[in-house]
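Asker: Got a structure here, written out as structure tokens. Questions coming.
The values are calculated or read from the model by the stated rules, or taken from the named source; none is laboratory data. Worth saying up front: this structure is predicted, and the values here are computed from it rather than measured. All Cβ positions, glycine included, derive from the backbone under ideal geometry; neighbour counts span all protein chains shown.
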Amino acid sequence: MAARRSAQTPPPEDFEENIVDIDVAEEMRGSFLEYAYSVIYSRALPDARDGLKPVQRRILYSMNSMGLRPDRGHVKCARVVGEVMGKLHPHGDSAIYDAMVRLAQPWAMRMRMVDGHGNFGSLGGDDAPAAMRYTEARMSPQAMSMVTGLDEDTVEFRPNYDGQELEPEVLPAAFPNLLVNGASGIAVGMATNMAPHNLGEVVSAARHLLAHPDATLEDLMRFVPGPDLPTGGRIVGLDGVRDAYAKGRGTFKTRATVHVESVTPRRKGLIVTELPYNVGPERVVAKIKDMVQAKKLNGIADLKDLTDRTTGLRLVIEIKNGFHPEAVLEDLYRLTPMEETFGINNVALVDGQPKTLGLRELLQVYVDHRLEVVRRRSAYRRRRREERLHLVAGLMVALLNIGEVIQVIRSSDDTGQARTRLMQVFELSEIQAQYILDTPLRRLTRFDRLELEKERETLEKEIAELTAILESQPKLRALVSKELAAVAKEFATPRRTVLLESGGQAQVAAMPLEVKDDPCLVLLSSTGLLARTTEPNPLPDDGPRAAHDVLTSVISTTARGEFGIVTSAGRLVKANVIDLPTLPPSASPPSLAGGAPVAEFVTLEPEETVVGLGDLSEDGPGLALGTEQGVVKRVLNDYPANRDEFEVITLKDGDRVVAAVQLESEEHDLVFISDDSQLLRYPASNVRPQGRPAGGMAGIKLTPGAKVIFFGVLDPDRPSVVVTVAGSTDALEGTQLGAAKVSDYAEFPPKGRATGGVRSHRFLKGENTVILAWAGPMPASAATAAGQPADLPPELGRRDGSGTPLPVALTAIGGSIGPRTPAE
């Protein structure tokens with residue numbers, strides 16, 4: 001009853017009501033916009049500079065502050081989640097842990113940021129990660145490069161949610177994380193879905209943009225041909241990728257990587273080794289079983305999931321007798337998640353505002369951010385060195401006047417008076433005087449004076465270098481490019497995803513009856529990829545073209561024919577042209593990134609390599625071979641039809657085949673280039689054909705210790721060039737920069753067989769060998785170890801002239817690649 005009387009008690013007389021009339025629609029609109037902006041800016045969308053959402057950035061910053069570096073032990077994930085939630089991210093622990101788990105999953109991130117111990121889930125999300133009290137984590141080496149420089153005033157800091165801590169607005173990000181790892185998130189009214197890419201390719205594009213600020217999208221796509229998904233697979237149809245790179249939005253299809261094997265003596269099967277991005281094997285298995293039970297998928301006898309930690313993903317789909325595996329595979333692509341559509345929507349925050357960005361814009365935002373980071377870091381380092389130089393100068397004054405300094409200190413009443421008198425007597429600043437007072441007497445020896453003088457010289461030199469960087473934009477760009485190259489060298493990995501122009505290329509093997517026996521070309525690239533193209537025969541005047549690589553061997557054949565793979569041991573291994581992926585003639589230019597590795601067609605012994613391709617047809621002048629010891633041989637195409645492998649030359653001990661080239665005419669030239677810079681050319685008619693067991697004949701006369709590094713066949717009536725790269729023998733072959741020269745082939749006079757030839761490259765100081773050489777139709781192309789295109793000197797040099805220093809290391813020179821530029 002008392003409570004009821006209290007509730008009915010009228011308010012006191014001095015109580016004033018303050019009722020505000022608010023338009024509900026306006027209040028809802030304002031509150032919703034505030035909520036939407038909070039979700040967009042603080043939760044769902046990544047920053048275009050470091051590619052991280054706020055929760056991801058806070059996780060990495062907290063782990064760095066906790067000292068969870070790669071050289072330290074793992075700690076419970078619950079500790080990290082508590083640190084992030086308590087200091088920086090006032091949201092639920094499950095949201096923080098989910099973000100941390102994704103950073104540790106190798107199938108979700110192209111470069112993991114978190115090194116985890118324990119169960120962090122499974123591919124496709126079919127198996128949930130263990131609770132954070134069980135799992136452990138620490139930062140990965142890649143994550144360390146994201147936070148390096150935080151203590152050098154490289155980025156701005158802001159207060160946390162309660163104003164008691166500081167957190168970075170963005171991380172320094174030593175590599176383009178947004179492009180490398182991609183991102184996904186759903187905000188209010190917008191979403192982002194970005195595909196991962198290859199670190200080496202993205203860094204090459206960023207460095208190209210640093211060197212050429214006006215580079216076009218086509219220039220950058222020479223380095224970044226398409227996404228590189230963590231789970232591998234194949235991307236089918238690149239039109240959507242080009243749209244995404246140009247406009248920020250596009251779609252493409254991803255397919256599983258499948259090949260046909262004999263799983264039992266009487267049955268063949270489809271072996272799935274890679275699945276589309278974010279698709280797990282459990283989902284595929286369940287869908288296949290549903291389709292088989294519904295009788296929508298025929299021809300499948302059995303399905304086994306043999307995935308384990310040793311072999312990785314392996315799904316074995318046994319095919320019933322009477323069904324073509326290729327036809328069943330097409331149904332699997334159509335009816336199951338073995339083919340998925342990926343929609344690119346490149347939405348990221350730029351200056352706090354969400355924007356849709358293409359490839360060039362994404363790279364430009366990152367490059368601008370990295371330039372600002374390095375500029376601020378250089379200014380900070382110069383400032384700290386200037387402060388130290390100021391202290392060293394004061395200490396030098398004290399050393400030079402040690403007796404008077406001690407006298408002043410001894411005669412002073414207190415520290416303050418001593419500091420003031422030191423400033424007056426020796427004209428020191430307050431900081432210098434205090435530093436002298438704080439310095440122990442044991443530091444004031446003659447030896448320490450020498451150390452201080454050396455330190456002063458070092459500081460002055462470093463200050464001058466940092467000042468030069470800050471005052472020169474080209475030097476700043478060069479430094480950023482150099483640091484990017486170092487990151488790529490340390491962390492870059494080979495491409496995992498194969499890029500295909502059309503869906504037909506995704507079949508591992510096609511039924512022979514479905515393919516016409518049309519003329520085609522078989523191409524071999526410097527990175528060991530094989531493919532065929534429907535380009536017309538004979539070769540066009542400007543040669544075959546292949547993007548993202550250089551061609552080292554090309555033969556003309558038919559789609560249902562056979563070709564030979566010649567190795568350095570003198571073996572020829574037969575292979576079917578139809579087993580090769582096809583490069584469509586509509587591609588501009590076609591990309592050998594969709595080619596098949598040559599290791600799928602021939603088993604090589606240690607130190608054995610593939611040196612060329614051979615035409616197995618009976619007509620024609622045959623195959624020409626050149627060896628390292630200067631032997632030449634012509635072999636007619638009378639190969640045994642009942643053998644899949646045989647020798648085409650008998651080699652001497654220690655000798656190896658340098659190259660094997662299919663002759664088109666006996667009037668064509670055979671060309672030798674040795675590592676001591678000698679070039680010899682003579683008509684192929686000077687060499688008589690021999691049987692397969694023969695050991696060949698003398699091709700070039702070598703000086704003691706010299707060896708042949710290039711052998712080829714050229715049409716003397718066709719404009720051709722000779723490319724040589726000189727270097728030193730004390731570096732690894734093919735990996736040093738060297739000096740390159742491009743010469744007109746017509747300048748080299750023909751000589752007789754077994755002679756020494758003429759000099760092709762004049763060595764400069766520090767050069768004593770030719771490390772790479774090539775001769776062929778114009779224009780020549782070069783590539784790095786990663787298959788990236790590289791520039792050669794544009795002007796023709798003298799036959800025996802010296803070379804031009806190269807900006808990048810070359811590992812291969814070959815036929816024409818990529819689209820022509822006006823300079824070519």
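Asker: If you scan the range 587-617, which residues turn out to be part of a loop (DSSP other than H, G, I, E, B) and modelled with pLDDT under 70?
Answerer: Just the residues of the range 587-617 that are part of a loop (DSSP other than H, G, I, E, B), to begin with: 587-590, 595, 601-609, 616-617.
Passing the criteria: ALA587, SER588, PRO589, PRO590.
Asker: Spot the failing condition for ARG634; the list is (1) within 40 Å of the chain's Cα centre (by Cα); (2) charged (D, E, K, R); (3) not in a loop (DSSP other than H, G, I, E, B), and only one is missed.
Answerer: (1)
Asker: Pick out the one residue from ARG334, ARG375, ARG360 that is of a type in the set (D, E, K, R) and farther than 28 Å from THR251 by Cα.
Answerer: The conditions single out ARG375.
Asker: Follow-up question, since we're still on this one. Within the range 680-689, can one find any residue that is touching a Phe, Trp or Tyr at 6+ places or on another chain (Cβ under 7 Å) and not hydroxyl-bearing (Ser, Thr, Tyr)? Lay out the reasoning, then the answer.
Answerer: Our first condition is that a residue be touching a Phe, Trp or Tyr at 6+ places or on another chain (Cβ under 7 Å); within the range 680-689, this holds for 680-681.
Still in the running and not hydroxyl-bearing (Ser, Thr, Tyr): 680-681.
Within the range 680-689 (the criterion being touching a Phe, Trp or Tyr at 6+ places or on another chain (Cβ under 7 Å) and not hydroxyl-bearing (Ser, Thr, Tyr)), the answer is yes, since at least one residue qualifies.
Asker: Another one. Give just the number: which of (1) assigned to a loop (DSSP other than H, G, I, E, B); (2) closer than 16 Å to LEU810 by Cα; (3) modelled with pLDDT of 85 or more does PHE710 not satisfy?
Answerer: It fails just one condition, (1).
Asker: Among GLN678, GLN662, which is the only one that is among the polar types (S, T, N, Q) and either farther than 19 Å from THR567 by Cβ or in contact with a Lys or Arg (Cβ under 6 Å, 6 or more places away or on another chain) (or both)? Explain how you work it out, then say what you get.
Answerer: Values: GLN662 fails: either farther than 19 Å from THR567 by Cβ or in contact with a Lys or Arg (Cβ under 6 Å, 6 or more places away or on another chain) (or both).
After ruling out the rest, the residue left standing is GLN678.
Asker: Now a separate question. Give VAL610, VAL632, VAL671, VAL648 a once-over and let me know the one that is in the same structural domain as ALA726 (by TED's automatic domain parsing), in contact (Cβ under 8 Å) with a residue 12 or more places away in the chain and closer than 30 Å to LEU500 by Cα.
Answerer: Exactly one residue qualifies, and that residue is VAL610.
Asker: State all residues of the range 291-322 that are crowded, with 16+ Cβ neighbours inside 10 Å, β-branched (Val, Ile, Thr) and part of a loop (DSSP other than H, G, I, E, B); if no residue qualifies, say none.
Answerer: Of everything in the range 291-322, just one residue is crowded, with 16+ Cβ neighbours inside 10 Å, β-branched (Val, Ile, Thr) and part of a loop (DSSP other than H, G, I, E, B), namely THR307.
Asker: A follow-up question, please. Please pick out the residue among ARG283, ARG266 that is at pLDDT below 90 and surrounded by fewer than 20 Cβ atoms within 10 Å (Cβ to Cβ). Steps first, answer last, please.
Answerer: On the way: ARG283 fails: at pLDDT below 90.
Residue meeting the stated conditions: ARG266.
Asker: In the set VAL101, VAL80, VAL84, which member is touching a Phe, Trp or Tyr at 6+ places or on another chain (Cβ under 6 Å), in a helix (DSSP H, G or I) and crowded, with 22+ Cβ neighbours inside 10 Å?
Answerer: Numbers: VAL80 fails: touching a Phe, Trp or Tyr at 6+ places or on another chain (Cβ under 6 Å); VAL84 fails: touching a Phe, Trp or Tyr at 6+ places or on another chain (Cβ under 6 Å).
Of the residues listed, the single one that is touching a Phe, Trp or Tyr at 6+ places or on another chain (Cβ under 6 Å), in a helix (DSSP H, G or I) and crowded, with 22+ Cβ neighbours inside 10 Å is VAL101.
Asker: Return yes when ARG718 is crowded, with 20+ Cβ neighbours inside 10 Å, under 41 Å from the mean Cα position of the chain (by Cα), under 23 Å from GLU664 (Cα atoms) and basic (Lys, Arg) and no when it is not.
Answerer: Criteria not met by ARG718.
Asker: Being surrounded by fewer than 21 Cβ atoms within 10 Å (Cβ to Cβ) and in a strand (DSSP E or B) is the filter here, so list the residues in the range 645-668 that pass it.
Answerer: Answer for the range 645-668, where residues must be surrounded by fewer than 21 Cβ atoms within 10 Å (Cβ to Cβ) and in a strand (DSSP E or B): GLU645, PHE646, GLU647.
Asker: Would you point out the residue of the range 318-340, among those that are at pLDDT 90 or above and in contact with a Lys or Arg (Cβ under 8 Å, 6 or more places away or on another chain), that is farthest from VAL263 (Cα to Cα)?
Answerer: For the range 318-340, the residue satisfying everything is GLU340.
Asker: Does MET132 qualify as being within 24 Å of the chain's Cα centre (by Cα) and closer than 24 Å to PRO230 by Cβ?
Answerer: On the way: within 24 Å of the chain's Cα centre (by Cα): no; closer than 24 Å to PRO230 by Cβ: yes.
No.
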